[in-house]
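First comes the structure, then the notes that go with it.
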Amino acid sequence: MAIGVPHPPRVESRAPYTSRGFGIGSLRTDVVFETGMLRALSVTQSFWKRLFCNVLGRSQGRVRSRQRQRAQLELFERQYERLIDLLCSAAHEGIHPELEGAYKVTRLWMVEHYPYIEPHVRSYWQASEAEEPDPFRELFSSESLHDAINIDTGIDDIMRSRCALDKYRTDITPSCA
């Protein structure tokens, strides 16, 4: 109304279950339609929730797997660098009992832990034409430090193994784009 008086409440006398016209058929159709829509929404919501949870779960699983690989690689790289430092020090300064002891400890660690990282780095050093020996194993296969520094392919093994580790690290490190 124009003068600001609210409209009076309407009183409609609808018989909800009348047999004529819109009565029972309309009410049942409305209820059935509403129930069907709620069911369809519920099914659709659960479908999308399951789909997104699976996708997110898989991607989070991949992220966790990459994090484990990076942690494993960092630990391996520290020991690898220690081994290379020992080999270089022994080649330059000569073999001392403390270097020999450190080599044996590092060698034991590498023998124990390298099999876990080997499947990941194998494709980065393996040549397709020839069957080449594993450059990592060549570095710690010798029982003594004297034998390790006198390998003919020592420098080549160091270069190939370092390149393989660098390529592997690049592949598992997320890129910022």
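Quick notes on this one:
- Among the residues of region 123-137, the one identified as more than 18 Å from residue 152 (Cβ to Cβ) and touching a residue at least 12 places away in the same chain (Cβ under 8 Å) is 124.
- Hey, residue 116 in contact with a helix residue (DSSP H, G or I) (Cβ under 7 Å, 6 or more places away or on another chain), at negative phi, modelled with pLDDT of 90 or more and surrounded by fewer than 13 Cβ atoms within 10 Å (Cβ to Cβ) or not: yes
Conditions (1) assigned to a helix (DSSP H, G or I); (2) free of Cβ contacts under 8 Å to residues at least 24 places away in the same chain; (3) among the acidic types (Asp, Glu), marked per residue:
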residue: 109; (1), (2), (3): yes, no, no
residue: 113; (1), (2), (3): yes, no, no
residue: 119; (1), (2), (3): yes, yes, no
residue: 152; (1), (2), (3): no, yes, yes
residue: 164; (1), (2), (3): yes, no, no
residue: 169; (1), (2), (3): yes, no, no
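- All conditions but one from (1) at pLDDT 90 or above; (2) over 30 Å from residue 168 (Cα atoms) apply to residue 84; the one that does not is (2).
- Residues of region 124-150 satisfying the condition of being in a loop (DSSP other than H, G, I, E, B), among the hydroxyl-bearing types (Ser, Thr, Tyr) and either within 32 Å of the chain's Cα centre (by Cα) or exposed (fewer than 13 other Cβ atoms within 10 Å of the Cβ) (or both): 128, 141
- One residue stands out among those in region 74-107 that are on the phi < 0 side of the Ramachandran plot and not in a helix (DSSP H, G or I): the one that is surrounded by the most Cβ atoms within 10 Å (Cβ to Cβ), which is 95.
The values are calculated or read from the model by the stated rules, or taken from the named source; none is laboratory data. Given the structure is predicted, the values throughout are model-derived calculations rather than measurements. FYI the Cβ positions are ideal-geometry reconstructions off the backbone, even for glycines, and counts take in every protein chain you see.
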